[in-house]
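The values are calculated or read from the model by the stated rules, or taken from the named source; none is laboratory data. Please read these numbers as outputs of a predicted model, since none were measured by experiment. We place every Cβ from the backbone using ideal geometry, glycine too, and count neighbours over all the protein chains shown. Ligands, DNA and RNA are stripped out before the accessible areas are found, and what is left, the full protein with its side chains, is counted by its heavy atoms. Shrake-Rupley method; radii C 1.70, N 1.55, O 1.52, S 1.80 Å.
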Amino acid sequence: MSYDFIKSRLHLYAVLQNIEDLVQYDEEAKKLIKDWNVVIKFSVKGSGNVYLIFENGKCTVTDSSEKKPDIVLFFTSPAHLNKMFDGKANPIPLKGITKLGFLTKEFPKLTERLEYYLKPDDQKLKDSRFVTINTVMTLNTALFALKELLLFDPIGKHIAKKIKGSMVMMNVDKGPAVYIEQKNNGFEVHKGYHEQPLAVLQFKSMKIANDFLNGKMDAFSAIASGAVATKGHIEWLDAVSPVLDRIALYLA
Amino acid sequence: MKLEAKGAPQSSAAKIKSKTYTYSNSHKLFQRALKVIPCGIPGHFSPAPFVPPTMYPFYADRAKGSRFWDVDGNEFIDYMCAYGPMVLGYNNPKVESAASQQRQKGDCMTAPGKVMVELAEMLTTTIAGADWAFFAKNGGDTTNLAIMIARAATGRKKIVMIKGGYHGVAPWMQGYGHYGVIEEDIANIIGIEWNNVQQFEEAIAANPDGIAGFIATPYHHPTFADSEFPAEGYWQRIRELCTKHGIVLIIDDVRCGFRLDMRGSGAYFGFKPDLACYCKAIANGYPISALVGIDALRTVAAKVFYTGSYWYQAVPMAAALATLKELKRINGPVLMNKIGKKLFDGMVKICGQYGYDLKVTGAYSMPYVRITNDPSNMLHQEWCAECTARGAYFTSHHNWFVSAAHTEKDIQKTWNIVDDVCKLLKKKYGEKY
């Protein structure tokens with residue numbers, strides 16, 4: 001699989017899903033989409049499709065939808081999508097031409113909020129609210145990206161063979177959780193807690209999770225010092241650790 | 001040491017007697033270490049695999065016999081034995097005396113000491129099929145040398161090894177995806193499943209005249225998984241295939257060596273390797289390893305350039321000589337397995353009284369031990385941590401080690417701790433497990 005293909009999968013399935021949390025945690029985004037009732041489809045030739053379903057003040061991001069899209073944003077290639085995420089290209093609207101106003105004015109306000117939270121800096125990280133939202137998004141991005149890397153990245157694919165039957169949950173103590181499990185020769189990612197996780201990586205606080213997930217803390221030090229707790233099948237955590245580190249190769 | 005069974009250990013209805021340790025000095029030292037050493041304690045001594053690490057000591061202060069004391073003054077019966085090297089007990093007087101005498105004469109000198117020849121003679125007369133010995137420092141030095149010799153001898157590139165097998169930390173020994181390992185490092189490594197002769201046959205068929213060596217441990221002892229003995233006839237069939245196809249058969253006896261059989265683990269399982277790697281138990285903690293081989297590989301072994309600044313140290317060689325003499329005298333492998341059998345049979349019985357299934361796999365001298373009731377391993381991890389924090393040092397991710405220095409008193413105390421911890425967990429979880 002090409003670099004652009006894998007990067008596009010991460011954009012589609014790991015980055016865009018953050019809009020679900022954005023509109024839940026960020027007041028500005030919440031207000032923005034309050035009255036939206038629209039289904040937007042991202043269609044990337046040679047990569048995949050993602051639907052953003054806005055209704056009742058919520059957003060659901062999914063790879064299939066019973067509802068027909070109101071807007072279809074087409075990308076001619078994985079590279080085309082990646083360029084859009086870099087701000088160097090625009091999608092081709094195949095459907096929803098009449099909603100150009102929405103696409104050019106309202107929707108970009110939402111993506112700007114997403115970008116704001118996904119690009120932390122020292123100043124922003126002084127704000128605990130920012131830390132919380134950024135951490136939730138980074139945590140979710142990590143596991144959704146992990147799924148794609150285990151399926152398509154050369155090292156990820158190699159590691160995937162070694163973690164058959166695996167189920168790994170990452171969470172912040174008394175905070176957000178997300179887990180990935182191998183099912184039907186693939187992987188599924190779910191937001192929230194699993195009742196009986198087989199492997200757990202738990203961060204002591206949002207700040208620790210943020211530092212850890214943003215590469216400011218190595219796993220061995222964090223675990224040994226008690227900042228991060230692991231239990232269960234820690235060999236799976238050990239196995240996916242280098243794969244998680246590869247996310248930065250695509251999304252940095 | 002008396003090893004007669006005193007009758008089955010019985011669970012006690014009394015209150016939990018043992019107190020848990022605290023580790024403030026360990027943790028303070030670790031914080032200092034983090035500033036000057038990557039991840040504080042790197043490698044296999046890292047506390048990261050302990051669950052939770054905070055219930056384990058990070059730094060040792062001293063050791064004697066089967067026990068060590070940490071920097072907080074806590075005393076542990078050591079079932080890791082420094083991850084294998086301690087075989088006769090820490091500070092064994094015979095080994096220390098031999099090392100001390102050699103130290104007075106010289107250690108790291110401009111030429112090897114006489115003791116190097118004596119040790120090689122000892123190994124070649126002790127290990128079945130060994131015609132020569134080559135000395136290095138760590139097990140990984142010898143496994144690496146072994147594949148270099150195999151490649152030099154055959155003119156081939158490929159090495160077959162067992163998936164999940166551990167032979168050290170050189171890039172070819174680690175898996176693709178591990179930090180610092182590139183695809184090219186493992187381009188000539190073929191991984192097959194343990195006990196699967198068919199996969200070896202398929203690898204040979206897929207690489208005609210391409211396989212230089214087959215390397216495996218005498219039995220499969222991966223981390224995070226039960227140990228597995230060879231199936232009946234496995235090694236004999238591997239031997240046949242290696243001989244038929246001109247493949248060098250390498251046995252990594254680094255962990256099992258002298259804990260199964262003084263003649264080497266090849267003799268124990270009834271086959272003759274071409275090369276065999278030794279380390280851990282060879283010198284009771286002194287830094288030395290050895291590769292032994294058959295006469296047919298002597299010349300090529302001489303041609304492979306392989307050395308290190310401290311590989312000719314005479315003190316570890318003297319310690320190794322004394323260790324091997326003592327192990328022979330007491331028949332160390334038999335003794336360690338006898339001690340282990342008594343210890344683990346008792347532990348299985350105690351755990352069983354609380355409804356916990358303690359599974360012991362591999363040799364009693366170095367078994368992988370786990371409570372199977374909880375598929376997530378969390379119960380087992382908690383059990384290990386609670387036992388450790390009461391003085392019986394157990395790990396949940398790695399096989400344990402028994403030494404010839406573990407005593408009846410150690411076994412009894414360990415049983416008491418196990419009983420206490422089982423009681424504690426039963427009280428905490430009831431019938432959940």
Here, helices (runs of 4 or more DSSP H) confined to region B:193-302 with at least 1 residues that are farther than 21 Å from B:PRO333 by Cβ and either open to solvent by 40 Å² or more (accessible area, probe 1.4 Å) or without any contact (Cβ under 8 Å) to a residue 40 or more places away in the chain (or both) are B:197-206, B:234-245
May I ask you to say which residue of B:TYR356, B:TYR433, B:TYR393, B:TYR429 is closer than 22 Å to B:ALA225 by Cβ and either surrounded by fewer than 20 Cβ atoms within 10 Å (Cβ to Cβ) or among the charged types (D, E, K, R) (or both)?
-> B:TYR433
In this structure, does A:MET170 turn out to be in a strand (DSSP E or B) and closer than 25 Å to A:GLU195 by Cα?
-> yes
Within region B:56-71, is there a residue that is within 21 Å of B:ILE282 (Cα to Cα), part of a loop (DSSP other than H, G, I, E, B) and not acidic (Asp, Glu)?
-> yes
So which residues in region B:78-89 are within 15 Å of B:PHE58 (Cα to Cα) and surrounded by fewer than 23 Cβ atoms within 10 Å (Cβ to Cβ), if there are any at all?
-> B:MET80, B:ALA82, B:TYR83
Pairs only if they're at least six apart or on different chains, beta carbon under 8 angstrom, first in region B:146-167 and open to solvent by 20 Å² or more (accessible area, probe 1.4 Å), second outside any helix (DSSP H, G or I) and of a type in the set (Lys, Arg); list them, first residue then second.
-> B:ARG151/B:LYS157
Selection status of B:LYS423, open to solvent by 10 Å² or more (accessible area, probe 1.4 Å), of a type in the set (Lys, Arg) and free of Cβ contacts under 8 Å to residues at least 60 places away in the same chain | no
Count, please, the residues in region A:145-157 that happen to be under 17 Å from A:LEU237 (Cβ atoms) and either away from every other protein chain (no Cβ under 14 Å) or open to solvent by 10 Å² or more (accessible area, probe 1.4 Å) (or both).
-> 3
Restricting attention to region B:175-225, the residues that are closer than 21 Å to B:TYR368 by Cα, away from every other protein chain (no Cβ under 14 Å) and aliphatic (A, V, I, L, M) number exactly 1
Quick one: is A:VAL189 within 14 Å of chain B (Cβ to nearest Cβ) and in contact with a Lys or Arg (Cβ under 6 Å, 6 or more places away or on another chain)?
-> no
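Residue-by-condition table, conditions (1) in contact (Cβ under 8 Å) with a residue 12 or more places away in the chain; (2) on the phi > 0 side of the Ramachandran plot; (3) among the hydrophobic types (A, V, I, L, M, F, W, C); (4) surrounded by 17 or more Cβ atoms within 10 Å (Cβ to Cβ):
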position: A:LEU10; (1), (2), (3), (4): yes, no, yes, yes
position: A:ASN18; (1), (2), (3), (4): yes, no, no, yes
position: A:VAL38; (1), (2), (3), (4): yes, no, yes, yes
position: A:VAL50; (1), (2), (3), (4): yes, no, yes, yes
position: A:GLU106; (1), (2), (3), (4): yes, no, no, no
position: A:LYS109; (1), (2), (3), (4): yes, no, no, no
position: A:GLU115; (1), (2), (3), (4): no, no, no, no
Is there any pair with a first residue in region B:305-330 that is basic (Lys, Arg) and a second that is open to solvent by 90 Å² or more (accessible area, probe 1.4 Å) whose Cβ atoms are under 8 Å apart and which are 6 or more apart or on different chains, and what are they?
-> B:LYS325/B:LYS94
Within region A:194-207, can you find the residues that are more than 9 Å from A:VAL172 (Cα to Cα) and more than 14 Å from chain B (Cβ to nearest Cβ)?
-> A:LYS207
Restricting region A:208-219 to residues that are more than 9 Å from chain B (Cβ to nearest Cβ) and not in a loop (DSSP other than H, G, I, E, B), the residue that is farthest from the chain's Cα centre (by Cα) | A:ILE208
Considering each residue of region A:220-237, count those that are of a type outside the set (Val, Ile, Thr), at the interface with chain B (Cβ under 7 Å from one of its Cβ atoms) and assigned to a helix (DSSP H, G or I), and give that number.
-> 4
